[in-house]
1. With V461, V421, V448, V402 as the choices, which residue is among the aliphatic types (A, V, I, L, M) and over 25 Å from the mean Cα position of the chain (by Cα)?
2. If you check S255, S206, S259, S244, which single one turns out to be modelled with pLDDT under 95, small (G, A, S) and crowded, with 20+ Cβ neighbours inside 10 Å?
3. What single numbered condition from (1) more than 21 Å from the chain's Cα centre (by Cα); (2) assigned to a loop (DSSP other than H, G, I, E, B); (3) farther than 20 Å from V253 by Cα fails to hold for L351?
4. Which is assigned by TED's automatic domain parsing to the domain that holds Q155, closer than 29 Å to P181 by Cα and in contact (Cβ under 8 Å) with a residue 40 or more places away in the chain, of G101, G87, G54?
5. Every residue in region 126-142 that is of a type outside the set (S, T, Y) and either farther than 23 Å from P164 by Cβ or in contact with a Ser or Thr (Cβ under 8 Å, 6 or more places away or on another chain) (or both), please.
6. If I ask for residues that are in a strand (DSSP E or B) and not hydroxyl-bearing (S, T, Y), which ones from region 40-72 would you list?
7. Taking only region 455-473 into account, find how many residues are at pLDDT 95 or above and under 21 Å from Q246 (Cβ atoms).
8. Just one of (1) among the β-branched types (V, I, T); (2) surrounded by fewer than 21 Cβ atoms within 10 Å (Cβ to Cβ); (3) closer than 23 Å to S299 by Cα; (4) in contact with a Lys or Arg (Cβ under 9 Å, 6 or more places away or on another chain) trips up I408, so point out which.
Amino acid sequence: MKKPVCKNRWLQLALLVPSLAFVSHSVTAQNVVIGFDNNSVFTNLATSSWKWWGGAAIVREWTTNDANNNPNSGSMKMTVTWPTGSGADYQYSVGLPLSGGGNYDTSVKLTAINYTNMEFDLLWDTNSTMPIQNHMVGGDPNGFGFGYVATQYGQTWVPNANQPVLTNLGVWQHFTIPIDPTWPDIPGVIFKKWMPYNAANEGMVSAFWVDNIKFNYNTNLVIPKPTMTVTPAVKGLGLTAAQSGQQYQREGVLSTPASAVVWYGNPDPVTYSFTIADFPSGATYGGYQAHLFLAPDGSGATEPDWNDSNVIFIQVQALASGQGVCNFRFKTNSPASNGVGASGYFASGYLGQLVAPSVRGIWTATFSNNSVCTITGPGGVSRTFDMGADAAAMFQSSFGVVNAYIGIQPNNPANIGQRAVFSNFKVTNGTNVVVNDSFSVEDPYYEVDPNLWTQKLDGGVNCIKIVDSSPAYWLDWTLPDPFLSGVQISSNLLSGWIDSGLVPKLNGTRREAFVGLDITTNYQPNAFFRLFSTNSP
């Protein structure tokens with residue numbers, strides 16, 4: 001017998017008056033276990049797991065060493081051989097998909113709200129030449145180094161950086177890690193560790209076994225009803241860190257006209273200017289950044305600051321005090337890194353900062369005399385930096401190209417979903433205006449003007465929006481929203497509900513829809529919105 005479909009009006013919201021409520025949802029309990037049994041796909045870890053990134057050599061193998069001494073099961077052993085030399089990448093990362101399908105497979109994934117915790121067993125190999133305290137203390141993450149894969153190939157790290165705390169006692173240790181219901185879907189786990197250079201760690205070996213990975217289902221599951229909020233949309237180019245589980249995503253655009261300007265060897269000063277109209281609170285979302293990347297003869301990748309060899313990195317952030325700060329950084333001759341050895345963005349390539357009264361306003365970077373850059377911020381504050389002749393010479397261009405990007409990066413898992421708005425970008429070469437775009441018109445197909453810009457978005461089209469008219473709003477709500485059918489609208493709270501035509505998009509741990517002038521004009525003085533869902537068996 002086919003069960004009838006029951007319509008459930010989840011939640012309704014006026015642009016002025018939100019209302020909140022809750023609903024429960026029942027599902028069948030199911031624990032998920034990777035036990036590394038003899039007949040499982042995980043006996044071939046060379047194909048069922050993958051090396052994600054890092055300069056350390058790592059061997060992944062199935063062994064008969066079982067945490068429960070089960071003759072029909074084994075475990076996963078990882079043997080990490082750390083590199084040598086001060087310029088090497090002291091890092092490893094290994095992904096293990098729940099499916100056992102190998103590289104980046106997300107065909108099996110778990111919804112975090114359905115699980116209370118994860119358990120697993122770890123055993124440190126006492127034959128490791130790396131002292132366990134060197135492996136556990138410091139680095140990124142601090143501690144052993146464990147997290148969850150996100151469906152867009154990001155990572156969700158265990159909040160307590162010291163968990164699990166591994167010891168060198170030669171016995172299996174059992175760990176239980178709580179799962180945050182707001183985390184993105186989990187298609188696998190990741191073992192990862194980066195360490196700063198330490199001569200004592202050169203060529204050392206870290207080895208350990210992993211067994212009995214188990215996700216425990218929440219048998220008392222209550223799914224809260226989504227809660228909705230509405231906020232005014234600020235005019236300009238909005239770039240959003242919308243990619244779930246990826247704190248280092250870069251969301252930006254590349255200026256085609258500006259990329260044809262080279263300041264090195266130029267007798268005239270070259271000035272890059274961008275105006276920030278809206279920015280996340282520094283007190284709540286510390287570390288979130290807007291940036292200007294300048295990369296001569298670059299690859300045109302979405303992450304030039306990492307991929308390209310020579311990059312100027314002008315980083316703007318908000319302080320908890322409400323002030324804005326601009327950090328001047330650069331790296332040279334360092335592809336696929338933040339800078340080799342002691343050089344780079346966070347060492348000799350960091351020349352200092354400029355503090356301004358606010359992060360909102362006009363920021364300019366003027367390059368002159370090859371090596372000199374003067375940064376000016378809101379309120380008229382300024383500071384001059386000099387890279388030196390040798391470093392500046394690396395920013396010559398062989399092809400007359402210095403790729404110029406503006407964009408954002410969250411830098412912290414809690415900052416995913418936040419948006420910054422640029423209301424102008426301008427570049428001058430001497431007295432010649434190369435480009436001056438106020439993002440006043442949304443392109444119907446590409447958002448930005450395709451004659452001026454190329455999208456460089458790790459997270460895709462959900463991360464970019466030009467707001468070219470007002471009043472306009474962002475309507476967003478919490479997840480999960482199972483069986484969502486759409487968003488309805490009415491000018492009367494009690495009747496007249498119709499489909500709004502709004503297209504919801506995923507934004508981190510929330511979903512949102514843009515409410516433009518075409519809708520607000522026709523619904524005066526108030527527009528009411530509600531989510532509409534189908535409760536499905």
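The values are calculated or read from the model by the stated rules, or taken from the named source; none is laboratory data. Computed from a predicted model, the values in this text were never measured in an experiment. Cβ atoms come from the backbone with ideal geometry, glycine included; neighbour counts cover every protein chain shown.
1. On the way: V461 fails: over 25 Å from the mean Cα position of the chain (by Cα); V421 fails: over 25 Å from the mean Cα position of the chain (by Cα); V448 fails: over 25 Å from the mean Cα position of the chain (by Cα).
Answer to the check: V402.
2. On the way: S255 fails: modelled with pLDDT under 95; S206 fails: modelled with pLDDT under 95; S259 fails: modelled with pLDDT under 95.
Answer to the selection: S244.
3. (2)
4. Only one candidate passes the filter, namely G101.
5. Going through region 126-142, the residues of a type outside the set (S, T, Y) turn out to be 127, 130-142.
Hits for region 126-142 are M130, I132, H135.
6. Selection gives W50, K51, W52, W53, A57, I58, V59, R60, E61, W62.
7. Number satisfying all stated conditions: 6.
8. Unmet condition: (2).
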